[in-house]
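The values are calculated or read from the model by the stated rules, or taken from the named source; none is laboratory data. Here the structure is a predicted model, which means the values were calculated and not measured. Please note: Cβ atoms are built from the backbone with ideal geometry, for glycine as well, and neighbour counts cover all protein chains shown.
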Amino acid sequence: MKKVRKYLIYSIFIALIIITASFFIISLIQNQPTYSSDENIQIEVELPVKTSYLYASDKLLAGVAYYYDVKVRIHNLINGSLVNLSVKIEVPEILDLNQIEFFPTDCNISDKMIKINRTLFNNLSILEIRFKIKTPSSIPFSRQEIIAIYVSYKNNSTDLFHEYDHLFTINPPPAWISYLTIIIGFITLILIIIVAKKTNILKKFTTLDLVNITVLSSLGAIVFKWIWQIFNDFFGILGGLLLSIPASLLMVISVYLVKKPGTATLFFLVWELVNFIVWGSNIVSWFGWYLLEGVIVDLLIVMLKDYANHIFTASLYGFIRCFVAYWTTYFLFSPAIWKIYYAPWYAWLQIIIGSIGGIIGGILGYYTAKKLEKAIVTY
């Protein structure tokens, strides 16, 4: 039976690492500039024009008060010049095209159409067209739209034509998706409370257990979160390690010392309550989801019958905790509640970095817990 559990642990760990790495590689491959080209010209579209490479392309939000910037670039790919270049850009009916702000100034803008002509398009030159669009006030569901670009030109007395349909997505404003996310979080919280009440699991914890869990979770929620807030920007893309390592470390110490099912869930329950009291965090939207990482770790503990007694299970628990925490942050909270759409490659990179931090924290937590246990026994 022990061998079966051991192989199960290895299988879970390896499978999650492979899945995470695969999604990251796929998202990197897909993170290519959106363009269309033939042997003479290339059309590139940046929608919206991003202030940071971290955010996803081709995703707009309905109901915003501002206009999105759009950039269209026409490249002459040949050494010779093209003549009688004509560019037409057709904007979907659902969007509002800004009639005042555009570049170049000689663009001819009508209701949903932008036109620009060039008598001579020099070799290897670029024509850049900028304009602004505004999404509708509301839509019930996400929908895909197309910006159609038509380019006609003459090369060596031959009339040529190129068409490109640029696909993008308009997402609804915070509405039923956000509410559904909050409701599911509450349902998760209610289910945890019901299970705890039915099993009388809290009665199994001694006063010393509760003190240990409270001290350790408060240490993470106050001290380490303060360190993370101060130095997160300094560490840049690796800033998440400042919180993922100590969170996993402290969780593993709690699980190892207390050795009771439900410890991880209780640990994060206290963490979030302290978070709310000290930092004023809004826990309403994601309280149940935040406990989910503890619930999954506790389910693994029950299934494997191992309270981080081995370095491998300790690192697995740290890995699982951070994987769930980072996945829900970048693929659930960000788009559904905060309406921030990160580039998939960046989201998976953060999940990988966070999960590595979880493994490190799990290993450090294991060795720290063993020393603490020896110190308690000696005392």
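Candidates in the stretch 104-123 are the residues that are assigned to a strand (DSSP E or B) and either within 14 Å of Val83 (Cα to Cα) or not assigned by TED's automatic domain parsing to the domain that holds Lys154 (or both); of these, the one that is nearest to the chain's Cα centre (by Cα) is Ile116. No other residue among Ile133, Ile126, Ile147, Ile230 is more than 30 Å from Asn84 (Cβ to Cβ) and of a type in the set (A, V, I, L, M, F, W, C) apart from Ile230. Answer with yes or no whether Gly220 is under 24 Å from Trp271 (Cα atoms) and touching a Gly at 6+ places or on another chain (Cβ under 9 Å). Answer is no for this residue. Give the residue that is nearest to the chain's Cα centre (by Cα), with candidates limited to residues of the stretch 61-100 that are at pLDDT below 90 and within 26 Å of Ser334 (Cβ to Cβ). Only one residue tops the list, namely Leu61. Listed conditions (1) in contact with a helix residue (DSSP H, G or I) (Cβ under 7 Å, 6 or more places away or on another chain); (2) closer than 15 Å to Leu216 by Cα; (3) among the charged types (D, E, K, R) are all met by Lys259, apart from (1).
Considering only residues of the stretch 157-199 that are more than 28 Å from Ser334 (Cβ to Cβ), without any contact (Cβ under 8 Å) to a residue 24 or more places away in the chain and out of contact with any strand residue (DSSP E or B) (no Cβ under 8 Å at 6 or more places or on another chain), which is surrounded by the fewest Cβ atoms within 10 Å (Cβ to Cβ)? Looking at the filtered set, the residue picked out is Ser157. Note on the stretch 168-283: enclosed helices (runs of 4 or more DSSP H) holding 3 or more residues that are touching a Ser or Thr at 6+ places or on another chain (Cβ under 9 Å) and in the same structural domain as Asp298 (by TED's automatic domain parsing) are 176-199, 207-218, 241-258, 263-279. Taking the numbered list (1) free of Cβ contacts under 8 Å to residues at least 40 places away in the same chain; (2) within 26 Å of the chain's Cα centre (by Cα); (3) crowded, with 16+ Cβ neighbours inside 10 Å in turn, Gly236 passes all entries but (3). Quick check on Arg143: is it surrounded by 12 or more Cβ atoms within 10 Å (Cβ to Cβ), of a type outside the set (Asp, Glu), outside the structural domain of Trp338 (by TED's automatic domain parsing) and out of contact with any Asp or Glu (no Cβ under 7 Å at 6 or more places or on another chain)? Against the criterion (surrounded by 12 or more Cβ atoms within 10 Å (Cβ to Cβ), of a type outside the set (Asp, Glu), outside the structural domain of Trp338 (by TED's automatic domain parsing) and out of contact with any Asp or Glu (no Cβ under 7 Å at 6 or more places or on another chain)), Arg143 qualifies.
Taking the stretch 294-335 as the range and being surrounded by fewer than 20 Cβ atoms within 10 Å (Cβ to Cβ) and closer than 20 Å to Ile170 by Cα as the test, the residues that pass are Phe331, Leu332, Phe333, Ser334.
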